[in-house]
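A short write-up of the structure that comes next.
The values are calculated or read from the model by the stated rules, or taken from the named source; none is laboratory data. All figures in this text were calculated on a predicted structure; none of them were measured in a lab. As a convention, Cβ positions derive from the backbone with ideal geometry for all residues, glycine included, and neighbour counts pool all protein chains shown.
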Amino acid sequence: MPKDTSPFTPGSPVPVDLFVGRGTQIEELRRYVELAVAGRQENIFLTGDRGIGKSSFAAFVSELVSKKLNALGVHVFLGGVDSLDDMVEHVFDQILKETHRQSWFEKIEGMFGQHVQQVGLFGVSVKFTPPPSALPSLVRNFPEAIGNIVAKISDERAGLFLILDDINGLAESAEFANWYKSFVDQVATQFGPYPVAVMLIGLPEKRDSLAAAQPSLMRIFRVAHIDRLSDEEVSEFIEQAFNGAGIVVEPQALHFMVMFASGLPILMHEIGDAVFWEDEDGIIDDKDTWAGLFAAAQNVGNKYLDPTVYRALRSPRYLSILGKIAGPYGIKRSEVMAKLDIDERGVFDNLLRKLRELNVIEPDPDGPRGAYRFVNQIYPLYISMASSTQPPPA
């Protein structure tokens, strides 16, 4: 039977019905939102490494608190946004979109005056279109505006769960750090019950940037950190996704997919999707899995290594060394040095430093001094493939 849709979604948050794991963190966030719904504003900073599944986790929690606590979940993606004006425009635009299909949307729409535009065929969506001159006022009066919206829909929703996702651009700005501190202070001193939970999502180093810009800001946040999934959770996800598509996965094939996924949702989807399209008989065996792993490694390399590692490391000596260190068992400095010629030895430590900065390798906590490991198992597979065929693009 021909296939038309993969159950995996590379590059996108996982569908809520396929979400697995993270039970402790889910309960923790549910409790914070519950406190907010009771009238006390809560501020959460969700952090974790790249590819760890922060957006999928936030989407799952948003749906959960919508059902269990009757809170309005609004998930705002702020990638590329680096100004407060753009941020508030995105926030109110997403509030409109999240409420557009609700029977009580008119309560929200009326608050936006003339700045609501119907978009798409037959007005299937809406867009917030304020004049640029109005945005600074929205920035200044953000606490009141959000409070008014929550009050307006209080008969329909018990509170608001506002997710500001991918704040990495904003986090570099002292203006954002100071504005957020002022927002929280205003709510605490000028408002009564304020049933709003705000969750910022960013990389660990971006939280550090905010702390450097406004040291007292960090006392405001409840910090939630998500780590890699366990092998059992990865296995559950992969089997669940394939079984939902009517496909059986053989145990050995599943073992290799779990191993190369390295506990990272971003790789679970890349690998699962590649293997899905390799399968022709509804049974995933070793042949399907390895063909899919090579295809996934190529995809991951094209997306993440070519634009960074291979563009940054143009030196022939660097590229030659890369081919000698690629392997699933990590990098031991003394062992690699023995394989290198004199010129390569002279730049090897510099290469290790660059690979650490580019988040390709990390110190191996279980190894001896000078031992490193790749941050996932797909990277060395791609580097081996690239080194054995032709030089990567310059």
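Restricting the first member to the range 25-45 and to residues that are within 10 Å of F161 (Cβ to Cβ) and assigned by TED's automatic domain parsing to the domain that holds R207, and the second to residues that are outside any helix (DSSP H, G or I) and basic (K, R), the beta-carbon pairs closer than 7 Å and six or more apart or on different chains are Y32/R222; E42/R222; I44/R222. In the range 83-101, is there at least one residue being in contact with a His (Cβ under 7 Å, 6 or more places away or on another chain), crowded, with 20+ Cβ neighbours inside 10 Å and touching a residue at least 24 places away in the same chain (Cβ under 8 Å)? Checked against the condition, which is being in contact with a His (Cβ under 7 Å, 6 or more places away or on another chain), crowded, with 20+ Cβ neighbours inside 10 Å and touching a residue at least 24 places away in the same chain (Cβ under 8 Å), the range 83-101 yields no hits at all. Looking only at residues of the range 305-319 that are crowded, with 17+ Cβ neighbours inside 10 Å and free of Cβ contacts under 8 Å to residues at least 40 places away in the same chain, we find that the one that is nearest to R373 (Cα to Cα) is Y318.
Within the range 114-134, not a single residue is assigned by TED's automatic domain parsing to the domain that holds H75, modelled with pLDDT of 95 or more, under 27 Å from the mean Cα position of the chain (by Cα) and surrounded by fewer than 21 Cβ atoms within 10 Å (Cβ to Cβ). Filtering the range 20-66 to residues that are closer than 27 Å to I361 by Cα and part of a strand (DSSP E or B) leaves F45, L46, T47. Being under 21 Å from L305 (Cβ atoms), over 27 Å from the mean Cα position of the chain (by Cα) and either in the same structural domain as Q298 (by TED's automatic domain parsing) or modelled with pLDDT of 90 or more (or both) is a property that N350 has. Picking from residues in the range 213-265 that are of a type in the set (S, T, N, Q), assigned to a helix (DSSP H, G or I) and not assigned by TED's automatic domain parsing to the domain that holds E42, the one that is modelled with the lowest pLDDT is Q240.
Restricted to the range 133-188, and to residues there that are of a type in the set (S, T, Y) and not in a helix (DSSP H, G or I), the residue that is farthest from H90 (Cα to Cα) is S154.
Report yes if some residue within the range 380-390 is among the β-branched types (V, I, T), part of a helix (DSSP H, G or I) and surrounded by fewer than 12 Cβ atoms within 10 Å (Cβ to Cβ); otherwise report no.
yes
Restricted to the range 280-297, and to residues there that are in contact (Cβ under 8 Å) with a residue 40 or more places away in the chain and in a helix (DSSP H, G or I), the residue that is farthest from Y329 (Cα to Cα) is A296.
Just a yes or no: is a residue in the range 338-353 touching a residue at least 40 places away in the same chain (Cβ under 8 Å), hydrophobic (A, V, I, L, M, F, W, C), outside any loop (DSSP other than H, G, I, E, B) and on the phi < 0 side of the Ramachandran plot?
Taking the range 338-353 and keeping what is touching a residue at least 40 places away in the same chain (Cβ under 8 Å), we get none.
Within the range 338-353 (the criterion being touching a residue at least 40 places away in the same chain (Cβ under 8 Å), hydrophobic (A, V, I, L, M, F, W, C), outside any loop (DSSP other than H, G, I, E, B) and on the phi < 0 side of the Ramachandran plot), the answer is no, since none of the residues qualifies.
Have a look at F60, F45 and point out the one that is in contact with a Phe, Trp or Tyr (Cβ under 7 Å, 6 or more places away or on another chain), at pLDDT below 90 and not aliphatic (A, V, I, L, M). Let's see the steps before the verdict.
Working: F45 fails: at pLDDT below 90.
Every option except F60 fails the conditions.
Of all residues in the range 137-182, which are touching a residue at least 12 places away in the same chain (Cβ under 8 Å) and basic (K, R)? Residues satisfying the conditions are K152, R157, K181.
Of G292, G282, all but one fail to be surrounded by 19 or more Cβ atoms within 10 Å (Cβ to Cβ) and at pLDDT 90 or above; the exception is G292. Out of curiosity, is E42 surrounded by fewer than 22 Cβ atoms within 10 Å (Cβ to Cβ) and among the acidic types (D, E)? No; evaluated as a whole, the condition is false for this residue. Note on the range 132-176: residues that are under 22 Å from A71 (Cβ atoms) and not acidic (D, E) total 21. Among residues of the range 140-180 being under 27 Å from the mean Cα position of the chain (by Cα) and of a type in the set (S, T, Y), the one that is surrounded by the most Cβ atoms within 10 Å (Cβ to Cβ) is Y180.
Of all residues in the range 185-200, those that are in contact (Cβ under 8 Å) with a residue 40 or more places away in the chain have Cβ atoms under 7 Å from Cβ atoms of residues that are in a strand (DSSP E or B) and acidic (D, E), 6 or more apart or on another chain, in A197/E42. Look at A253 and say whether it is more than 20 Å from G53 (Cβ to Cβ) and surrounded by 21 or more Cβ atoms within 10 Å (Cβ to Cβ). In short, yes.
A search for C-beta distances below 9 Å between a residue of the range 258-279 that is touching a residue at least 40 places away in the same chain (Cβ under 8 Å) and within 13 Å of P7 (Cβ to Cβ) and any residue that is charged (D, E, K, R) and not in a helix (DSSP H, G or I), counting only pairs 6+ apart in sequence or on different chains, returns F276/K3; W277/K3.
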